[in-house]
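Student: Below is the structure I would like to discuss, written out as structure tokens.
The values are calculated or read from the model by the stated rules, or taken from the named source; none is laboratory data. Since the structure is predicted, the reported quantities are computational estimates derived from the model, not experimental observations. Here the Cβ is made from the backbone with ideal geometry for all residues, glycine too, and neighbour counts use every protein chain on show.
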Amino acid sequence: MSGGVAATRGKQLNLKRYKLTDAPGSAGRAVLDFLLPKRCLCCDTLVSSGDGLCPTCWHSMPFIEKPVCYRLGTPFAYDVGEEAWSPRAIAAPPEFERLRSVALYEGAAQNLVLALKFAGRRELAGPMGRWMTGAGREFLSKDSLIVPVPLHWLRLLSRRFNQSAVLAQVIARECGGVYEPELLKRRKRTRQQVGLSARERQKNVRSAFSVDKNRAELLNGRHIVLIDDVMTTGSTVTACTKTLKAAGAASVDVLTFALADPSHDSGANTAMP
Ligand SMILES: [Zn+2]
């Protein structure tokens with residue numbers, strides 16, 4: 001999608017649907033809001049109210065809107081029906097049922113992903129998670145198990161938190177689903193995916209994941225929503241999906257904040273875990 005089209009789509013969004021307000025009940029937060037001027041989530045521009053984006057960042061946010069491919073969530077140029085599959089999905093159907101993402105991995109969306117993951121800006125998880133809840137509303141329910149893509153514990157030590165887990169926590173709270181951060185484990189410390197080809201990525205993550213034996217019965221016949229911050233080639237979520245289904249999950253849908261545009265290599269490799 002071109003920047004111009006993305007900007008137009010951003011303008012067309014129903015702003016009320018995505019109104020960003022923080023979790024209620026924090027008196028401290030209310031005091032801070034009063035004392036500190038509010039700033040755009042992406043840049044330093046002052047904004048008038050709430051946790052949101054300034055007009056410039058809003059318009060550079062490449063939101064994905066319907067119509068999309070039923071399986072891969074990639075945008076269609078024109079409407080071809082509610083459950084239409086893209087040629088890519090027909091040629092190689094994914095392991096998971098559906099993928100939905102808030103935005104393409106470029107512009108303001110890319111900045112938010114990188115800020116959450118590498119700059120430790122944990123406060124972004126609230127608004128990003130609420131956007132994701134909107135993007136995944138067709139499959140999120142209170143019966144869903146919300147499972148983040150895990151980090152290896154050594155990487156968790158250096159990053160301090162798993163960006164997918166903090167997003168999953170917000171999504172579970174918003175949709176009433178069950179947050180299950182301990183279900184899926186990363187047992188192998190995989191190489192950084194940066195610079196690897198699709199085939200190398202698949203090899204890199206093969207057998208990297210396992211299901212916690214003590215929690216495996218939770219999976220039986222359940223609907224899983226797998227959460228990650230960004231989807232690039234899909235090798236990570238495919239490996240997780242295979243592991244979850246082999247352990248008894250009935251179905252797996254995937255929800256990410258950003259989706260690397262499959263039609264061009266947008267430098268998404270820079271953000272892979
Ligand atoms: Zn801004």
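Student: For the range 40-65, which positions are on the phi > 0 side of the Ramachandran plot and either buried (at least 21 other Cβ atoms within 10 Å of the Cβ) or at pLDDT 90 or above (or both)? Can you show your working first?
Tutor: So in the range 40-65, the residues on the phi > 0 side of the Ramachandran plot come out as 50.
Passing the criteria: none in range.
Student: Here's another thing I want to ask about it. Write out, first by first residue and then by second, each pair whose Cβ atoms fall under 6 Å of each other, whose residues are 6+ apart or on separate chains, and whose first residue, in the range 43-54, is farther than 17 Å from Trp131 by Cβ while the second is at pLDDT below 85 and more than 9 Å from the ligand (Cβ to nearest atom).
Tutor: Leu46/Pro37
Student: Also: Inspect the range 126-145 for any residue being assigned to a strand (DSSP E or B) and under 23 Å from Tyr70 (Cα atoms) and give the result as yes or no.
Tutor: Pass one, the range 126-145, residues assigned to a strand (DSSP E or B): 145.
Next cut, under 23 Å from Tyr70 (Cα atoms) only: 145.
There is at least one residue in the range 126-145 that is assigned to a strand (DSSP E or B) and under 23 Å from Tyr70 (Cα atoms).
Student: When you look at Gly129, is it within 15 Å of the chain's Cα centre (by Cα) and touching a residue at least 60 places away in the same chain (Cβ under 8 Å), yes or no?
Tutor: Working: within 15 Å of the chain's Cα centre (by Cα): yes; touching a residue at least 60 places away in the same chain (Cβ under 8 Å): no.
Answer is no for this residue.
Student: Among the numbered conditions (1) modelled with pLDDT under 95; (2) within 16 Å of the ligand (Cβ to nearest atom), tell me where Ala30 comes up short.
Tutor: Every condition holds for Ala30 apart from (2).
Student: Among the numbered criteria (1) surrounded by 14 or more Cβ atoms within 10 Å (Cβ to Cβ); (2) free of Cβ contacts under 8 Å to residues at least 40 places away in the same chain; (3) closer than 28 Å to Gly221 by Cα, which one does Lys142 miss?
Tutor: Every listed condition holds for Lys142 apart from (1).
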